[in-house]
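K.L.:
Once you've had a glance at the structure underneath, I'll fire off some questions.
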Amino acid sequence: MKSEVHLIAGAVATLTIASFFTSTILVELFGSKEAIAMVKSLIVMPGLLILIPAIAATGGTGFTLSKSRKGRLVENKKKRIPIIGANGVFILVPAAILLNGWASAGSFDTKFYVVQIIEIIAGATNLAMMGLNIRDGLKLCGRLRPLKILRPTQKLPG
């Protein structure tokens with residue numbers, strides 16, 4: 001049961017951050033100032049209300065599941081978690097709140113875009129690390145097997 005909750009919560013958290021990231025990039029490239037303000041507002045509410053519990057559930061279940069596991073994959077996942085968390089708490093959430101406030105006030109100045117760039121870099125970093133954690137988790141539970149690399153002298157199967 002814990003592994004299913006971990007899988008679902010991790011997927012929700014990752015997809016939520018991916019949607020924040022994608023919608024931010026697309027609206028910045030192709031949207032109006034009003035569209036940017038709407039995306040920033042939706043990221044804060046209801047976005048953070050979806051993301052924060054999903055991250056908490058992922059972390060809690062992951063911590064519990066890791067107590068009975070050892071090895072390089074588990075250790076790698078454990079090393080990424082504090083970075084993902086710190087990125088979220090100290091960069092992504094404050095940036096989302098600041099950007100929402102500035103966008104709703106129509107303040108699209110240099111500070112807005114500096115914080116936007118920082119948010120995009122932090123979001124991409126978190127997505128990459130979460131993707132690595134998903135990959136390692138799938139390996140741990142046997143749903144992802146390593147690719148078999150053929151030597152030049154071997155023939156392809158079939």
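K.L.:
Could you list, in sequence order, the residues of the stretch 82-131 that are of a type outside the set (Val, Ile, Thr), loosely packed, with under 13 Cβ neighbours inside 10 Å and within 15 Å of LEU48 (Cβ to Cβ)?
P.N.:
Within the stretch 82-131, PHE90 is the sole residue that qualifies.
K.L.:
Let me spell it out: the conditions are (1) loosely packed, with under 14 Cβ neighbours inside 10 Å; (2) of a type in the set (D, E, K, R); (3) under 17 Å from ALA128 (Cα atoms); (4) touching a residue at least 12 places away in the same chain (Cβ under 8 Å), and ARG69 meets all of them except one. Which number is the exception?
P.N.:
(3)
K.L.:
Kindly evaluate LEU15 against the criterion of being surrounded by fewer than 13 Cβ atoms within 10 Å (Cβ to Cβ) and modelled with pLDDT of 95 or more.
P.N.:
no
K.L.:
Criterion first (of a type in the set (Asp, Glu), assigned to a helix (DSSP H, G or I) and surrounded by 13 or more Cβ atoms within 10 Å (Cβ to Cβ)) does GLU34 satisfy it?
P.N.:
No.
The values are calculated or read from the model by the stated rules, or taken from the named source; none is laboratory data. Model, not experiment: these values are computed from the prediction. Because the Cβ atoms are built from the backbone with ideal geometry, glycine has one as well, and the counts that use them run over all protein chains shown.
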